1. Under the condition of being touching a helix residue (DSSP H, G or I) at 6+ places or on another chain (Cβ under 6 Å) and in a loop (DSSP other than H, G, I, E, B), which residue from the stretch 152-174 is modelled with the highest pLDDT?
2. Of the conditions (1) in the same structural domain as ALA69 (by TED's automatic domain parsing); (2) touching a strand residue (DSSP E or B) at 6+ places or on another chain (Cβ under 6 Å), GLU109 fails just one. Which one is it?
3. For residues in the stretch 235-278 being touching a strand residue (DSSP E or B) at 6+ places or on another chain (Cβ under 9 Å) and at positive phi, which is modelled with the lowest pLDDT?
4. For the stretch 175-194, name all the residues that are part of a strand (DSSP E or B) and closer than 17 Å to VAL127 by Cα.
5. Just the residues that are of a type in the set (S, T, N, Q) and crowded, with 22+ Cβ neighbours inside 10 Å, please, taken from the stretch 251-289.
6. When residues of the stretch 104-151 are filtered for being acidic (Asp, Glu), in contact (Cβ under 8 Å) with a residue 60 or more places away in the chain and not in a loop (DSSP other than H, G, I, E, B), how many remain?
7. What are the pairs with Cβ atoms under 8 angstrom where one residue, in the stretch 42-58, is at negative phi and the other, located anywhere, is surrounded by fewer than 13 Cβ atoms within 10 Å (Cβ to Cβ)? Sequence gap at least six, or different chains.
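The values are calculated or read from the model by the stated rules, or taken from the named source; none is laboratory data. Because the structure is predicted, anything quoted here is derived from the model rather than measured. Heads up, the Cβs are rebuilt from the backbone with ideal geometry, glycines too, and the neighbour counts pull from every protein chain shown.
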Amino acid sequence: MRRRPRGFPHMTKKHVAVLMGGFSSERPVSLSSGAACADALEAEGYRVTRVDVGRDVARVLADLRPDVAFNALHGPYGEDGTIQGILEYLEIPYTHSGVLASALAMNKEQAKKVAKAAGIPVAESLVLDRFEIGNEHPMKPPYVVKPVNEGSSFGVVIVQEDQTHPPQVITSSDWRYGDSVMVERFVHGRELTCAVMGDVALGVTEIVPVGHAFYDYDAKYVAGGSKHECPAKVSPFIYQKVQTLALKAHQVIGCRGVSRSDFRYDDRFSENGELIWLEVNTQPGMTPTSLVPEIAAEAGHSFGELLSWMVEDASCSR
């Protein structure tokens with residue numbers, strides 16, 4: 001029998017403001033998530049107002065006074081504690097994680113420190129000003145350079161073993177992702193991800209990029225850019241270990257509602273191999289074909305049921 005997260009609701013129909021869009025690099029992703037969530041919640045019987053978030057969002061929500069704010073925003077301002085703080089001031093219950101967990105999870109450096117202290121395995125890394133990198137490798141290749149506070153793989157660059165110098169794009173005028181970057185040891189192997197719903201770790205999915213070197217923006221969001229193996233074809237030991245670590249990351253970072261942890265699994269030399277936690281996503285994509293809804297469906301929760309649970313789980317002081 002599949003476990004259900006505690007508190008799965010006997011639904012009462014509420015007025016839900018679905019927050020979407022915003023003004024981060026992930027605006028198109030958020031609009032897609034928000035539209036899918038709004039449609040599904042209406043199908044479940046909720047009264048839904050779609051809110052394309054702008055700088056006047058506090059006034060808009062104060063006038064609207066919904067029962068719940070469903071947060072379908074992605075990226076800075078939407079999943080870094082900013083909108084969560086506004087909702088706390090307005091005393092509007094909201095979905096997903098609260099101010100502290102959202103800010104912590106969005107900062108890859110600080111989230112890794114907390115995870116490592118809790119015994120979650122992470123890859124060696126350092127944080128530098130992008131102009132400090134210069135012409136010398138900051139660590140032995142292969143390594144990954146990524147913005148400290150971005151999502152959807154924006155700005156991620158993999159430096160291969162045979163590259164003679166760091167990627168020039170990092171110091172170019174075209175770089176739009178802030179001056180603070182993380183340089184992290186590249187972990188060979190497979191991409192695994194696990195959703196957490198309340199206090200339950202759901203299934204594990206393997207993400208297989210198609211025609212892409214890694215799970216970049218296009219692999220995530222362009223049709224045919226990746227395949228999802230759900231459940232992942234790994235040993236029971238690794239499967240359970242991923243679930244255990246995903247739940248632990250959700251808890252130690254202080255997440256609420258739904259989150260998703262990403263991992264790299266190197267099984268080139270051993271079935272048990274090396275399993276490395278990369279990050280926790282407090283605002284995972286929410287279209288019917290996104291990873292979390294697929295994982296939830298494998299656990300027996302339809303898209304509408306998943307979203308209804310999130311609405312009924314909403315609160316302040318998260």
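1. SER153
2. Of everything listed in (1) in the same structural domain as ALA69 (by TED's automatic domain parsing); (2) touching a strand residue (DSSP E or B) at 6+ places or on another chain (Cβ under 6 Å), GLU109 misses just condition (1).
3. That would be GLY273.
4. SER180, VAL181, MET182, VAL183, GLU184, ARG185
5. SER259, SER261, ASN281, THR282, GLN283
6. 1
7. The qualifying pairs are ALA58/TYR89.
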